[in-house]
């Protein structure tokens, strides 16, 4: 019969004890297996966040470019969202510049996902919105660029 570990029963206490052990240099008490798992999850979490923000950024850039019927009513809100998504992506890239190649790799896929969200929300004919991005990654991330 396996007794649940501290990691499984009280994550916050496990985290505090793990940090205390690491700070004290007491590696013999560190739950390495779960620590490695948490570090892997942290990297995946950063990638997931960047991917999500990029998808939403593409969606809102498309709103700005193509959704004429809602532009007057929603323009300012879309601008705020675009700025927010750019800030979130740029902050993560500043903290982890090695994420940039990941962002380059997923740009087209996240554009496609953002395009689907845009089309679902707008009800516009999908033939009106290109399947390939009408803007570059650099433009999408540039705080001074709008479509």
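What follows draws every value from the coordinates through simple rules; no lab data is involved. Keep in mind the model is a prediction, meaning the values are calculated, not measured. Quick reminder, even Gly has a Cβ in these numbers, built from the backbone with ideal geometry, and neighbours come from all protein chains shown.
Give me the distance between the Cα centres of region 1-64 and region 66-90, rounded to whole Å.
31
Could you work out the per residue convex hull volume over the alpha carbons of the chain, in cubic angstrom?
It comes to 172 Å³ per residue, whole-number rounded.
Among 51-64, 86-99, 109-122, 29-42, how do they line up by average Cβ neighbours within 10 Å per residue, starting with the highest?
Ranked by mean Cβ neighbours within 10 Å, highest first: 51-64, 109-122, 86-99, 29-42.
If you stretched the chain out fully between residue 64 and residue 20, how much longer would it get, using 0.36 nm times the residue separation minus the C-alpha to C-alpha distance?
Working it through step by step, the gained length comes to 10.9 nm.
Relative to the longest principal axis of the chain, what angle (0 to 90°, nearest 10) does the C-alpha long axis of helix 11-24 take?
So the helix axis and the longest Cα principal axis differ by about 70 degrees.
If you take the beta carbon distance between residue 117 and residue 37 as r and set R0 to 30 Å, what does 1/(1 + (r/R0)^6) give as a FRET efficiency, to the nearest 0.05?
Taking R0 as 30 Å, the efficiency between residue 117 and residue 37 is 0.40.
So which residue, out of 81, 104, 72, gets the largest mean-square fluctuation from a GNM of the chain using Cα contacts under 10 Å as springs?
72
Angle between the Cα long axis of helix 32-66 and the longest principal axis of the chain, 0 to 90 degrees, nearest 10?
Between helix and principal axis, roughly 10 degrees.
Compute the helix-to-body angle for 100-122: its Cα long axis versus the longest principal axis of the chain, expressed 0 to 90° and rounded to tens.
Between the helix axis and the principal axis of the chain, the angle is about 50 degrees.
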